[in-house]
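So the structure is just underneath, and the comments pick up after that.
The values are calculated or read from the model by the stated rules, or taken from the named source; none is laboratory data. None of these values were measured; they are calculated from a predicted model. Counting neighbours? That spans all protein chains shown, and the Cβs are built from the backbone with ideal geometry, glycine included.
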Amino acid sequence: MLTQLVDVARARSADFCQSEFSAPWALRIADRAPLALVTPLTGHAWVRLPGDDPVLLETGDVAIVQCPEPLIIGDSADTEPTLVVNPGGRLTTIDGIDLDEAIASDKYRTELAPILQTDRSAEKTILASGSYPVGGDVNQRLLSVLPRLAKVAKSDVHGPILELLAAEMQRDQPGQQAVLDRLLDLALIASLNAWFSTAGAQSAGWHRAHTDRGVGAAIEAMHARPQEAWTVASLAHQAQVSRAAFARRFTDVIGCAPITYLTQYRIDLASDLLRDPSITIETAAHRVGYANASALSVAFKRLRQRAPRS
């Protein structure tokens, strides 16, 4: 499921931002993205979500944020923002002056001077962030078990991903943006895995399943080939255990029976497919494992209390 999330949310469709700040500084993030990743590669940053206590990120810590409401990132828990990141990555002042246009002209030079002035002797913070336009019911299954802000300590992120990202940001060479995009994808996967692996994040049974050889093999098979006519027996064969043992183990780890999980996944997948107006209910039915549109409609109405056409 992490693979599916990143396939949809990968950085080529994200607003990737790399910035360097000296205190005092603060940004108001108002791009309304469903999912964002923020990490200070040097220095530190405070993340402030509406209604929540500020969260401190030290160098290398990562925040995975689900907050379409505006949030603030700054050098302290009380610095007021002077700049706003808008949809599409457009940067403006709090008063709405477009920064790119203003810097290119002399019109606002005097007004911008106090906003852009920083203490050059202060600690510098290099901030990497990405805002991801994710959506859909399959991704929501993963995102629904995350808090609004999931903080991951640098020590919990396995591998040198963040160090590679920091090093790459110092380079200036052809193709650099593509490298940064891929590293950001890897940072998102590594950070999500680190958070789900912590003791406080054990509510995601499908994530625990991937450390269970039998259940993990069955889930991977269902995700890879949802159109196949799976039965408990054929899934137990994938898990290489008896039918009864598989059914018990799957329910213990995931919290529901194998076929219940498969049905929920198929309906989520069908719902995402049907958001494309070029895909008919009949086509979606075949892709997710139903014989025809009528069979999909019956299952869809049972789980969603509405017709797939809606």
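General observations
- Number of positions in the range 148-193 that are surrounded by fewer than 16 Cβ atoms within 10 Å (Cβ to Cβ), touching a residue at least 12 places away in the same chain (Cβ under 8 Å) and either outside the structural domain of Ala45 (by TED's automatic domain parsing) or assigned to a loop (DSSP other than H, G, I, E, B) (or both): 4
- One residue alone among Arg302, Arg248, Arg306, Arg266 is more than 25 Å from the chain's Cα centre (by Cα), closer than 30 Å to Leu192 by Cα and not hydrophobic (A, V, I, L, M, F, W, C), and that residue is Arg248.
- Every test in (1) touching a helix residue (DSSP H, G or I) at 6+ places or on another chain (Cβ under 7 Å); (2) modelled with pLDDT under 85; (3) β-branched (Val, Ile, Thr) is passed by Thr118 save one, and that test is (1).
- In a residue-by-residue description of the range 272-281, the property of being among the aliphatic types (A, V, I, L, M), in contact with a Leu (Cβ under 7 Å, 6 or more places away or on another chain) and touching a residue at least 60 places away in the same chain (Cβ under 8 Å) applies to no position.
- For the range 164-174, the criterion of being modelled with pLDDT of 75 or more, of a type in the set (Asp, Glu) and touching a strand residue (DSSP E or B) at 6+ places or on another chain (Cβ under 9 Å) is met by none of the residues.
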